[in-house]
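Trainee: This structure is in structure tokens; I'll ask about it shortly.
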Amino acid sequence: MSPVLMCLPHQDFDPTEAAVTWEVLHAAGIDVEFATPDGRPAAGDHDTLRGGFRGPFPARPEALTAYRAMLEEPHYAKPMTWSDAEKRHPDAVVFPGGHAAGVKPYLESASVQRIALAAHRRGATIGAICHGVLVLARTIDPQTGRSLLDSKTVTSLTNSLELGCP
């Protein structure tokens, strides 16, 4: 299997969604390559990392351990750019999400959407976590005029569950 590609925004990604996914793949012997907008290492959501994000969603200790390990990974330290990632043909692509403002450019990126569309067209495995699903929802296949999520079933949290409200 070719390395899995994980796309990340420049900042504010959810460290649990990215790092725990990386940790599981890494433990299974699967290489993970990273892509960011500018080829510099991404930064996880500071509030989630310090435990102050919306009460119920701080990163748990095991996620923080995975995050610290991921930071040491050579592919993480030297990611490719989204533009370079468009030229790759991995067997699998992962789109983690995040809650903070720095994730918005990633969720709306035409380059990231082209990565998703190419993966979809070649039948690659695509994983999208939490807000990362928006990448797929916003990616329109020009051949069909439909979102990549058309006719797919996805799961999500309601706004009240997301905010920890009863």
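Trainee: What is the one condition in (1) closer than 20 Å to P41 by Cα; (2) touching a Cys at 6+ places or on another chain (Cβ under 9 Å); (3) at pLDDT 95 or above that A116 does not satisfy?
Mentor: Evaluating A116 over (1) closer than 20 Å to P41 by Cα; (2) touching a Cys at 6+ places or on another chain (Cβ under 9 Å); (3) at pLDDT 95 or above leaves (1) as the failure.
Trainee: Kindly evaluate A85 against the criterion of being in contact (Cβ under 8 Å) with a residue 12 or more places away in the chain, touching a strand residue (DSSP E or B) at 6+ places or on another chain (Cβ under 7 Å) and within 19 Å of H10 (Cα to Cα).
Mentor: So A85 fits the description; yes.
Trainee: So, A128, is that one at pLDDT 95 or above, under 23 Å from D45 (Cβ atoms) and in contact with a Phe, Trp or Tyr (Cβ under 7 Å, 6 or more places away or on another chain) or not?
Mentor: yes
Trainee: Only one of (1) free of Cβ contacts under 8 Å to residues at least 60 places away in the same chain; (2) within 19 Å of A119 (Cβ to Cβ) fails for P37. Which number is that?
Mentor: Answer for P37: the failing condition is (1).
Trainee: Take residues that are of a type outside the set (S, T, N, Q), open to solvent by less than 30 Å² (accessible area, probe 1.4 Å) and modelled with pLDDT of 95 or more and tell me which of the helices (runs of 4 or more DSSP H) falling wholly in the stretch 1-101 contain 2 or more.
Mentor: Fully inside the stretch 1-101 and qualifying: 15-27, 61-72, 82-85.
Trainee: Report every pair of residues separated by at least 6 positions or lying on different chains whose Cβ atoms are under 7 Å apart, first residue within the stretch 142-166 and modelled with pLDDT of 95 or more, second open to solvent by less than 70 Å² (accessible area, probe 1.4 Å) and assigned to a loop (DSSP other than H, G, I, E, B).
Mentor: S147/T139; L148/T139
The values are calculated or read from the model by the stated rules, or taken from the named source; none is laboratory data. Given the structure is predicted, the values throughout are model-derived calculations rather than measurements. Heads up, the Cβs are rebuilt from the backbone with ideal geometry, glycines too, and the neighbour counts pull from every protein chain shown. Calculation scope for accessible area: heavy atoms of the full protein, side chains included, ligands and nucleic acids excluded. Shrake-Rupley method; radii C 1.70, N 1.55, O 1.52, S 1.80 Å.
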